[in-house]
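A.B. asks: Please find one structure pasted underneath; my questions will follow.
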Amino acid sequence: MPFIDIQVIAGAFTPEEKRRMVENVSEAIIAIEGEGLRPSTHVVITETPSGEWAIGGHALTAEDVRAKRASATAA
């Protein structure tokens, strides 16, 4: 019975985007484990406050994430 914790920076994703994350990750796991475990597949989105998530000593904000997403879409 999997428990998936998706961790994101608060404010970086819309409620609709988070809903799609939950649905798509759930479906990917169920495709592997089988339909019988659908009722036992749990997905949670945990949000860390903007500016309190760091990579390599650099704190990231929701704005940083949105800018990275925009630049990847533009490429």
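A.B. asks: How far is helix 15-33 tilted, in degrees, relative to the longest principal axis of the Cα atoms in the chain, given as a value from 0 to 90 rounded to the nearest 10?
C.D. replies: Taking the Cα atoms of the chain, the angle to 15-33 is about 40 degrees.
A.B. asks: Further question: What's the ranking of 37-49, 1-13 by average number of surrounding C-beta atoms within 10 Å, highest first?
C.D. replies: The most tightly packed comes first, giving 1-13, 37-49.
A.B. asks: Now for a different question. Relative contact order (percent) for the range 3-74, with alpha-carbon contacts under 8 angstrom and 6 or more residues of separation?
C.D. replies: It comes to 43 percent, rounded to a whole number.
A.B. asks: Amide H neighbours of THR61 under 5 Å, counting only residues 5+ apart in sequence or on other chains, H built in-plane at 1.01 Å?
C.D. replies: For THR61, the qualifying residues are GLY51.
A.B. asks: So what is the 222 nm mean residue ellipticity for the chain from helices alone, if each DSSP H run of at least 4 adds -39500 (n - 2.57) and you divide by all residues, rounding to the nearest 500 deg cm²/dmol?
C.D. replies: -14000 deg cm²/dmol
A.B. asks: If you take every DSSP beta bridge whose two residues both sit in the range 3-74, what share of them, in percent to the nearest 5, is antiparallel?
C.D. replies: Values: 3 of 10 bridges.
Of the beta bridges lying entirely in the range 3-74, close to 30 percent run antiparallel.
A.B. asks: Oh, and also: Per 5 Å bin from zero, what fraction in whole % of the C-alpha pairs of the chain is there, up to the bin with the longest pair?
C.D. replies: 3, 15, 20, 19, 17, 13, 9, 5, 0
A.B. asks: How tilted is helix 62-74 with respect to the longest principal axis of the chain? Cα atoms for both, answer in degrees (0 to 90, nearest 10).
C.D. replies: 80 degrees
Since every read-out is calculated from the coordinates, none of them should be taken as a lab result. What you see is a predicted model, and the numbers here were worked out from it, not measured in a lab. Backbone-built Cβ (ideal geometry, glycine too); neighbour counts: all protein chains shown.
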